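Okay, so here's the structure we're looking at.
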Amino acid sequence: MIATKALRLALLAAGTAGGLSGAAYGLLNGQAGHARRVIGPPIAEPLRADGVHLPTGVGPVPRSEVPEGVRPLEMAVLGDSSAAGLGANFPSELPGVRVAQGLAEELDGPVALTTHAIVGATTRELSAQVDAALRQPPEAVLIIIGANDVTSKLPVSRCAELLAEQVRRLVEADVKVVVGTCPDLGSIRPIPQPLRSVASRWSIALARAQRRSVETAGGYAVPLADLLSPEFLTRPAEFFSPDRFHPSGAGYEAAAEILLPVMCMAIGAWQGGPLPPAPTRSETAEARRPTSRIVAHLNRRLHHHNPGRGLS
């Protein structure tokens, strides 16, 4: 998910687009500093479990253990720390491993997993990961990216365009692509209100733009914020790792459970009947949607407490 330095840049975008007064921006900026201190830097690198995963649940194993004449399905994982599985305690909890093992069981055959995801990656940096994946094109790619894009200072529309360009490259190489769109940053409790609402508003706007761009480019988009926000909001102790910022093993399991059927459908292996259409926006996210009224209320409140300072 986002690096903590992203919070200040998110405020700059919010202040420009949302009409925040100087006092309101100062309050949010102070909250960003507090959140950075509470969250702190990652304490460890993500685990890795690349290799061949078998339908029995065993893996990763060397390719030499695959029976002669059996060709594993090649799957790659691209993206940021959420794709890499930062916060998981065991290799079996990584999102790529869970999806690979689910595919192996559904196909009743081995799946070879390769991870190119990098902690802190933005969509602008995704092209290098696609380059690496296309050296030996896999049959399927899982991408989870977007939360770090707040550090890029790029508009939401441009971030979505960059993602579409990389999805299109993979699709043109006959790779099936499933993208988990930007998670709802408003579910991260260490980010205080009203900063959390600013982060939520930005991340959900990006997720919507990503979904449109991915589907236009020929990929499959899974709206993680819409489908997972209720779980992360109501069960934060279970779904977040101890840093309260990255998902836990349970959080990654929840994500994998909604990514797996779409990946199976993408490669033509889904046997469970038609998938229900994903929501455009969850009721929980809609109920928490920040609006211009929140910004106006915040400005009025701060102006009342600081009448001599004026509004910017």
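Computed with every protein chain present, the accessible area of residue 196 is close to 40 Å² [probe 1.4 Å]. Both radii were evaluated on the Cα set of the stretch 46-202; the Rg over Rh quotient, with Rh as the Kirkwood radius, amounts to 1.02. Note on residue 64/residue 157: beta-carbon distance plugged into 1/(1 + (r/R0)^6) with R0 of 41 Å gives a FRET efficiency of 0.30.
Accessible area per residue for the stretch 71-211, computed on protein heavy atoms with a 1.4 Å probe, is 34 Å². In units of the rule-of-thumb radius 2.2 N^0.38 Å, the stretch 106-199 shows an alpha carbon radius of gyration of 1.25. For residue 184, the amide hydrogen comes within under 5 Å of the amide hydrogens of 225, counting only partners 5 or more places away or on other chains and with H modelled in the peptide plane. Within the shell defined by Cβ-Cβ distances under 11 Å, the residues around residue 126 carry a net charge of -3, with Lys and Arg each +1 and Asp and Glu each -1. Considering Cα pairs under 8 angstrom that are at least six residues apart, work out the relative contact order of the stretch 45-197 and quote it in whole percent. Reported relative contact order: 24 percent. Here is the list for the stretch 125-163: trypsin sites (Lys or Arg not before Pro) lying in DSSP coil, each with at most 12 other C-beta atoms within 10 angstrom of its C-beta, are 135, 153.
Other residues whose C-beta falls under 14 angstrom from the C-beta of residue 95 contribute a net charge of -3, scoring Lys and Arg +1 and Asp and Glu -1.
For residue 171, the shell of other residues with beta-carbons less than 14 Å away shows a net charge of -2, using +1 for Lys and Arg and -1 for Asp and Glu. Computed with a 1.4 Å probe over protein heavy atoms only, the accessible area of residue 212 comes to about 150 Å². At the listed q of 0.14, 0.20, 0.26 Å⁻¹, the Debye profile of the stretch 82-157, built from one uniform point per Cα, gives log10 I(q)/I(0) equal to -0.53, -0.96, -1.26.
The values are calculated or read from the model by the stated rules, or taken from the named source; none is laboratory data. Note that the coordinates shown come from a computational prediction; the quantities given were computed from them, not determined experimentally. Glycine also receives a Cβ, built like all others from the backbone with ideal geometry; neighbour counts cover every protein chain displayed. SASA here: full protein model, heavy atoms, side chains in, ligands and nucleic acids out. Shrake-Rupley method; radii C 1.70, N 1.55, O 1.52, S 1.80 Å.
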